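Notes for the one structure printed next.
The values are calculated or read from the model by the stated rules, or taken from the named source; none is laboratory data. Everything numeric here is computed off the predicted structure, so don't read it as measured data. Cβ: placed from backbone, ideal geometry, glycine included. Neighbour counts: every protein chain shown.
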Amino acid sequence: MRSPRTAEAMGDLGAGPAATARAGPRVNMRRLARDCPGYRYVGLRRRDIQTLRRFRNEQMSVLRQRQPLSEEDQERWFEEVVLPTHAHPEPSFLLVSILDEGDAFIGYGGLTNIDWQQRRAEVSFLMSPRRAANTRTYRRDLRSFLAWIRRWAFDELQLHRLFTETYEFRTEHIRVLEEAGFVSEGRLRHHIVDPSDPSAFVDSLLHGCCADQRGTE
């Protein structure tokens, strides 16, 4: 059983549909390690989760997180929610630590709300506040991650569709998504209260990418 507070706060990493039996690859996050120029992607490490907690608490305005996470919340989430996925052949989410060339933790991401039967998943991505504040660095980080996550999802995991939801004020994030081949698929009007103005509302933009329409890598 997961903590109600932790489940709510980590809402953008929701459990999603129950795994459904099918013929396909078995996922072993303990052994995942993929190198790309300037980056390394490995299964989310325990040593990174408190730094991740700080990243999330400082960037709640771009997340589906309603309150700050405590150290206890984060430990419980990792033990009760993340670790069980490492032993499941078809987990409902897959998270990675994003490391730089010196193996320093700089962000995390992965696939959430995975439906193995329908072969689709939502893309999750968050970098450190410092990197997110530097437009050039953030563009490079996101482009590299999107290229890698598509190869992993489509070629290794045999998924067919990836999708994202992004608040409309994240204009640079949206620009990179579209440059990378994610197609605009719709707008959820007035979907959240504006984090900077409680009297206003913000739209959410939906994008998608399919295995047979990858766009730019």
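Listed here are the residues, each with its yes/no results for (1) surrounded by 14 or more Cβ atoms within 10 Å (Cβ to Cβ); (2) modelled with pLDDT under 95; (3) outside any loop (DSSP other than H, G, I, E, B); (4) polar (S, T, N, Q).
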| site | (1), (2), (3), (4) |
| --- | --- |
| 91 | yes, yes, no, no |
| 97 | yes, no, yes, yes |
| 106 | yes, no, yes, no |
| 123 | yes, no, yes, no |
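Evaluate the following for residue 13: is it touching a helix residue (DSSP H, G or I) at 6+ places or on another chain (Cβ under 9 Å) and modelled with pLDDT of 70 or more?
When the stated conditions are applied, residue 13 does not pass them.
Do we find a residue being assigned to a helix (DSSP H, G or I), touching a strand residue (DSSP E or B) at 6+ places or on another chain (Cβ under 8 Å) and among the polar types (S, T, N, Q) anywhere in region 143-154?
There is at least one residue in region 143-154 that is assigned to a helix (DSSP H, G or I), touching a strand residue (DSSP E or B) at 6+ places or on another chain (Cβ under 8 Å) and among the polar types (S, T, N, Q).
Right, residue 181: on the phi < 0 side of the Ramachandran plot and touching a Lys or Arg at 6+ places or on another chain (Cβ under 7 Å) or not?
It is false that residue 181 is on the phi < 0 side of the Ramachandran plot and touching a Lys or Arg at 6+ places or on another chain (Cβ under 7 Å).
Regarding residue 166, is this residue of a type in the set (Ser, Thr, Tyr), at pLDDT 95 or above and under 30 Å from residue 200 (Cα atoms)?
Here the answer is yes, as residue 166 does meet what is asked.
Against the conditions (1) more than 17 Å from residue 149 (Cα to Cα); (2) surrounded by 13 or more Cβ atoms within 10 Å (Cβ to Cβ), where does residue 67 fall short? Just the number, please.
The single condition residue 67 does not satisfy is (2).
Quick check on residue 186: is it in contact with a strand residue (DSSP E or B) (Cβ under 7 Å, 6 or more places away or on another chain), part of a strand (DSSP E or B) and not basic (Lys, Arg)? Show your work before the answer.
Working: in contact with a strand residue (DSSP E or B) (Cβ under 7 Å, 6 or more places away or on another chain): yes; part of a strand (DSSP E or B): yes; not basic (Lys, Arg): yes.
When the stated conditions are applied, residue 186 passes them.
Within region 166-175, can one find any residue that is in contact with a strand residue (DSSP E or B) (Cβ under 8 Å, 6 or more places away or on another chain) and either small (Gly, Ala, Ser) or assigned to a strand (DSSP E or B) (or both)?
Yes, region 166-175 contains at least one residue that is in contact with a strand residue (DSSP E or B) (Cβ under 8 Å, 6 or more places away or on another chain) and either small (Gly, Ala, Ser) or assigned to a strand (DSSP E or B) (or both).
Residue 181: surrounded by 15 or more Cβ atoms within 10 Å (Cβ to Cβ), within 19 Å of the chain's Cα centre (by Cα) and assigned to a loop (DSSP other than H, G, I, E, B), yes or no? First the steps, then the outcome.
On the way: surrounded by 15 or more Cβ atoms within 10 Å (Cβ to Cβ): yes; within 19 Å of the chain's Cα centre (by Cα): yes; assigned to a loop (DSSP other than H, G, I, E, B): yes.
Taking the combined requirement at face value, the residue satisfies it.
Being touching a helix residue (DSSP H, G or I) at 6+ places or on another chain (Cβ under 7 Å), of a type in the set (A, V, I, L, M, F, W, C) and modelled with pLDDT of 65 or more is the requirement here; does residue 44 meet it?
yes
Which residue out of 148, 77, 116 is buried (at least 18 other Cβ atoms within 10 Å of the Cβ) and in contact with a Cys (Cβ under 7 Å, 6 or more places away or on another chain)? Give the derivation first.
Values: 77 fails: in contact with a Cys (Cβ under 7 Å, 6 or more places away or on another chain); 116 fails: in contact with a Cys (Cβ under 7 Å, 6 or more places away or on another chain).
Answer to the selection: 148.
Can you name every residue in region 29-62 that is assigned to a loop (DSSP other than H, G, I, E, B) and over 22 Å from residue 173 (Cβ atoms)?
Listed by number, the residues that qualify are 32, 45.
In region 126-145, how many are more than 14 Å from residue 107 (Cα to Cα) and touching a Cys at 6+ places or on another chain (Cβ under 8 Å)?
Looking only at that region, the number is 0.
Exactly one condition in (1) of a type outside the set (A, V, I, L, M); (2) crowded, with 19+ Cβ neighbours inside 10 Å; (3) more than 20 Å from residue 48 (Cβ to Cβ) is false for residue 110; which is it?
Result: residue 110 passes all but (3).
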